[in-house]
1. Among the listed residues 348, 305, which satisfies the condition of being outside the structural domain of residue 166 (by TED's automatic domain parsing) and within 22 Å of the chain's Cα centre (by Cα)?
2. What pairs come out if I take residues in region 314-335 that are assigned by TED's automatic domain parsing to the domain that holds residue 348 and more than 18 Å from residue 348 (Cα to Cα) and pair them with residues that are at pLDDT below 90 and not in a helix (DSSP H, G or I) whose C-beta lies under 6 Å away, six or more apart or interchain?
3. Test residue 180 against the criterion of being surrounded by fewer than 20 Cβ atoms within 10 Å (Cβ to Cβ) and either more than 23 Å from residue 84 (Cβ to Cβ) or at pLDDT 85 or above (or both), and give yes or no.
4. State whether the residues of region 6-19 include one that is modelled with pLDDT under 85, outside any helix (DSSP H, G or I), assigned by TED's automatic domain parsing to the domain that holds residue 89 and on the phi < 0 side of the Ramachandran plot.
5. So for region 381-389 (the condition being surrounded by fewer than 21 Cβ atoms within 10 Å (Cβ to Cβ), in contact with a helix residue (DSSP H, G or I) (Cβ under 6 Å, 6 or more places away or on another chain) and in contact (Cβ under 8 Å) with a residue 24 or more places away in the chain), does at least one residue qualify?
6. With 165, 161 as the choices, which residue is touching a helix residue (DSSP H, G or I) at 6+ places or on another chain (Cβ under 9 Å) and not in a helix (DSSP H, G or I)?
7. Sort out which residues of region 118-158 are free of Cβ contacts under 8 Å to residues at least 12 places away in the same chain and either under 30 Å from residue 452 (Cβ atoms) or in a helix (DSSP H, G or I) (or both), and write them in order of number.
């Protein structure tokens, strides 16, 4: 492991993290709008009523994707440990990952009807929805193989506790950069300026190029042979579930539970966020004059609070990491509560802006702690465990709670075809705030044990 990271190592980490986040953002943000704006758009009222509601389709897709991600990470993460070859899994995985992403450009009701030779509108819509869900699972399997298991294990292999907070800062910034890149093109697809086919094919091609470059850029770290390497592969799969391992690595599992709670809260609203803004907030703010004092002052005040909060939290982390984590959770919960009462773009901005640094700093330092607490030489074996807490539970429980919040509120939207659909509601933020408060429970026990990393050879 390198105590001081070389420029080449930084370049590889940033490149593969960025392109991985591009692919994940396409999936997490635009498969949902793809269902709303393409798959369900133009379908008759009878066809929509004859299949699952679009809110349910999104929840089902996210949940099955999470299960797929965890299964893939367990199988492939442990296998990458056994074979001692991260490069093959990263580079080859990115190639296939990008290819599968591009294939979404060919999914449409017309293509599905032609492929399966069906003419019934209900069957066509149902088959198209399930085609999206199944292909999303295939894409997730490749993404988890290459990014969640191999790439994350490789980063743990080549970094030390001294540099990991910097790496995690980059990992937290890059999703925002990736989101900007994806939204720059995705907004055009949402508006109909370009087709979803162009959107998926172009971004899939970039991920494929990254995978191809990986065969020449990535260097394998030196691996020590441990007693675990000689054990049966299937025995290694369940290594992280042994009671003795859990007790020995209590801080790791407490950090995972804390991250799990905050991730569940995020997933309550995040899968529905763009649709909520598109169909609820923006129409409600359509007549608003953005140049008035009543709009500009609250937004500027919120920006000032956000900057001050960010600086205070950074200083607090250096002095007392435990206290900083509790402050982050408190701010996260309070701002989510505020968003549940926000019904126009100004109040959404006022509460959303302070939320971001709290969420950012908490995720950065909790993720860095998880790497610090991971036993040396066993990063691949623990990627599956990490995925259960960071992906499976959040993406199964979170969207389910969000779906319940939206369906209970029953906010409806009539599209340009005269078809009525349920759209997300602000109550999902209230559900998320309650879940966020639960994060304090594992944090209390973790704070008692301490966050200081033990130096590993």
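The values are calculated or read from the model by the stated rules, or taken from the named source; none is laboratory data. Everything quoted here is computed from the prediction, not taken from an experiment. Cβ placement follows ideal geometry from the backbone for every residue including glycine, while neighbour counts extend to all protein chains displayed.
1. Only one candidate qualifies: 348.
2. As it stands, the answer is 321/451, since those pairs meet every condition given.
3. Against the criterion (surrounded by fewer than 20 Cβ atoms within 10 Å (Cβ to Cβ) and either more than 23 Å from residue 84 (Cβ to Cβ) or at pLDDT 85 or above (or both)), residue 180 qualifies.
4. Checking region 6-19: at least one residue is modelled with pLDDT under 85, outside any helix (DSSP H, G or I), assigned by TED's automatic domain parsing to the domain that holds residue 89 and on the phi < 0 side of the Ramachandran plot.
5. Keep residues of region 381-389 that are surrounded by fewer than 21 Cβ atoms within 10 Å (Cβ to Cβ), which gives 388.
Among the residues that remain, those that are also in contact with a helix residue (DSSP H, G or I) (Cβ under 6 Å, 6 or more places away or on another chain) are: 388.
Filter once more, keeping what is in contact (Cβ under 8 Å) with a residue 24 or more places away in the chain: 388.
The answer is yes; a qualifying residue exists.
6. Being touching a helix residue (DSSP H, G or I) at 6+ places or on another chain (Cβ under 9 Å) and not in a helix (DSSP H, G or I) holds for just one of 165, 161, which is 161.
7. 123, 130, 134
Okay, residues lined up against (1) part of a helix (DSSP H, G or I); (2) within 19 Å of the chain's Cα centre (by Cα); (3) buried (at least 22 other Cβ atoms within 10 Å of the Cβ):
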| site | (1), (2), (3) |
| --- | --- |
| 69 | yes, yes, yes |
| 72 | yes, yes, yes |
| 78 | yes, no, yes |
| 90 | yes, yes, yes |
| 93 | yes, yes, yes |
| 97 | yes, yes, yes |
| 102 | yes, no, no |
| 105 | yes, no, no |
| 113 | yes, no, no |
